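The next block holds one structure in the form of structure tokens; read it before the comments.
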Amino acid sequence: MSASAEIISVGTELLLGEIANEDARLISERLAEAGIDVFHHSVTGDNPSRLSDALRTALSRSEIIIFTGGLGPTCDDLTKKTIADYLGLKMSLNEHVRDGIKEYFKKIRKEMTPNNDLQALIPEGAEILTNDWGTAPGILIRHEGKMIFMLPGPPDECSKMTEFRLLPALKEKSGGTIKSRFIRLFGIGESEAESKLIDMMNDHANPTVAPYAKFGEVLIRVTAKAPSGKEALEMTEPAVMEIRRRLGRFIYAIDSGAMEEGLVSLLRNKKMTVSCAESCTGGMLSERITSVPGASEVFPGGIVSYSEDIKSGVLGAEINVIRKYGVVSKETAESMAAACRKLFNTDIGIGITGYAGPSAPSEEELGHVFVSVITDKKAITRDLHLGNKRDRVRKTASMHAMKAAIELSIAD
């Protein structure tokens, strides 16, 4: 059975929302891969009393306690002193650590100020976790069978310290390896997805099945624990196959990142290209596709065609179609997709037109969007009503376009 771990992030700036808590996410992810269960996260400000309370609670319920932050040279860096005081440990200056800090400053060609000596103060009996990526060393204190770690807060340092100091020290506590598979759904809500998987969620202890709502999509996580990563992945396969059977038409990717990453990867593998003509999304679809490294292999370009003149004169959409059916219509979206495909000479063309808001010819038309995706063999056109929030309309329309492009790519 694996040990239970707890992460306590220290910093008033975290409580104020000034910075994101990247350290806790990273450490949890790496501990899960190592087969160590993380049961609690907490954040506390730079306050000795509240830090002591957090440590007291953690010691009562967790075998591994990991503090991040509060190890710097300033007066509000209180983590090390507070923990030492709580445990009744004296601190003393470690000359070896101090020499390492001096060498670090010399390497970066900056002068070491006297307050940096605070980082060389080490609680008695503690193990030093050398920090080759910054000044503050990590600390490990073994107390009544518990392991108390202190890691520096800057994410780049914390990441390296987790990989090369924390995980090796925790090998003795590992209860195997945890692996997760991620199934990404679009076009179905979380509650409906849950209703179709509720028996698997209730019956599966290892692997576990759990849905999570994300913007515009649902993520199903299948997680297994086994002695090795290979065995854990093998244990997830029957559940993944069953979810594919039940929800296949909503699945756009398995074990990939965001939808745009899945689209670019699929197009690259298929040696296909895509282009897009956007009206109401205003370039958002192009931005999402080009955010993926290597997108230039599959995406030669796109055009934002807001006005009727640009739709016809630059893009090449049929002016007679636009005037007959209207700028926001199924026919215009299809004409935009066809013209875009021709203009950029791509395998797939995408056309998006609609009323993102806040204005529209009528309240009923607000959020009314047409998305058309075509190849030389097939076309998909979606008539969508996406609500009255402009940003949500634009994001959701972009996702519908990518999902349709994925479908056509798979079908090709």
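In summary, Leu285 fulfils each of the numbered conditions (1) in contact (Cβ under 8 Å) with a residue 40 or more places away in the chain; (2) touching a Phe, Trp or Tyr at 6+ places or on another chain (Cβ under 9 Å); (3) not polar (S, T, N, Q) with the single exception of condition (2).
The residue list Glu234, Glu287, Glu308 contains one member that is among the acidic types (Asp, Glu) and under 23 Å from the mean Cα position of the chain (by Cα), which is Glu287.
Collect the residues in the range 225-246 that are under 13 Å from Gly176 (Cα atoms), at pLDDT 90 or above and either in contact with a Pro (Cβ under 6 Å, 6 or more places away or on another chain) or surrounded by 15 or more Cβ atoms within 10 Å (Cβ to Cβ) (or both), keeping them in residue-number order. Those that are under 13 Å from Gly176 (Cα atoms), at pLDDT 90 or above and either in contact with a Pro (Cβ under 6 Å, 6 or more places away or on another chain) or surrounded by 15 or more Cβ atoms within 10 Å (Cβ to Cβ) (or both): Ala232, Leu233. Residue pairs whose Cβ atoms lie under 7 Å apart, separated by 6 or more positions or on different chains, with the first residue in the range 71-92 and open to solvent by less than 30 Å² (accessible area, probe 1.4 Å) and the second among the basic types (Lys, Arg) and not in a loop (DSSP other than H, G, I, E, B), are Leu71/Lys80.
A Cβ distance below 7 Å, combined with a sequence gap of six or more or placement on separate chains, defines the contacts here; from the range 294-305, residues that are at pLDDT 95 or above reach residues that are acidic (Asp, Glu) in the pairs Gly302/Glu278; Val304/Glu278. Those strands (runs of 3 or more DSSP E) of the range 114-181 in which 3 or more residues are open to solvent by less than 20 Å² (accessible area, probe 1.4 Å) occupy 138-143, 146-151. Filter the range 354-383 down to the residues that are farther than 28 Å from Lys270 by Cα and in contact with a helix residue (DSSP H, G or I) (Cβ under 6 Å, 6 or more places away or on another chain), then identify the one that is most open to solvent (accessible area, probe 1.4 Å). Only one residue tops the list, namely Tyr355. In the range 293-412, counting only helices (runs of 4 or more DSSP H) that sit wholly within it, the ones holding 3 or more residues that are touching a strand residue (DSSP E or B) at 6+ places or on another chain (Cβ under 8 Å) and farther than 20 Å from Leu263 by Cα span 330-344. Mind listing whichever residues of the range 98-119 are hydrophobic (A, V, I, L, M, F, W, C), more than 18 Å from Phe67 (Cβ to Cβ) and in contact (Cβ under 8 Å) with a residue 24 or more places away in the chain? Hits for the range 98-119 are Ile101, Phe105. The residues of the range 40-72 that are farther than 17 Å from Leu87 by Cβ and in a loop (DSSP other than H, G, I, E, B), listed by number, are Gly45, Asp46, Asn47, Gly69, Gly72.
Suppose the filter is open to solvent by 70 Å² or more (accessible area, probe 1.4 Å), in contact with a Leu (Cβ under 7 Å, 6 or more places away or on another chain), modelled with pLDDT of 85 or more and farther than 21 Å from Ile19 by Cβ; does Glu103 pass it? Answer is no for this residue. Counting the residues of the range 1-27 that are in contact with an Asp or Glu (Cβ under 6 Å, 6 or more places away or on another chain), under 17 Å from Ile178 (Cα atoms) and open to solvent by 10 Å² or more (accessible area, probe 1.4 Å) gives 2.
The values are calculated or read from the model by the stated rules, or taken from the named source; none is laboratory data. Since this is a predicted model, take the numbers as computed values, not measurements. Don't worry about glycine lacking a Cβ; one is built from the backbone with ideal geometry, like all the others, and counts go over all protein chains shown. Note: accessible area is taken over every heavy atom of the protein model, side chains too, but ligands, DNA and RNA are not part of it. Shrake-Rupley method; radii C 1.70, N 1.55, O 1.52, S 1.80 Å.
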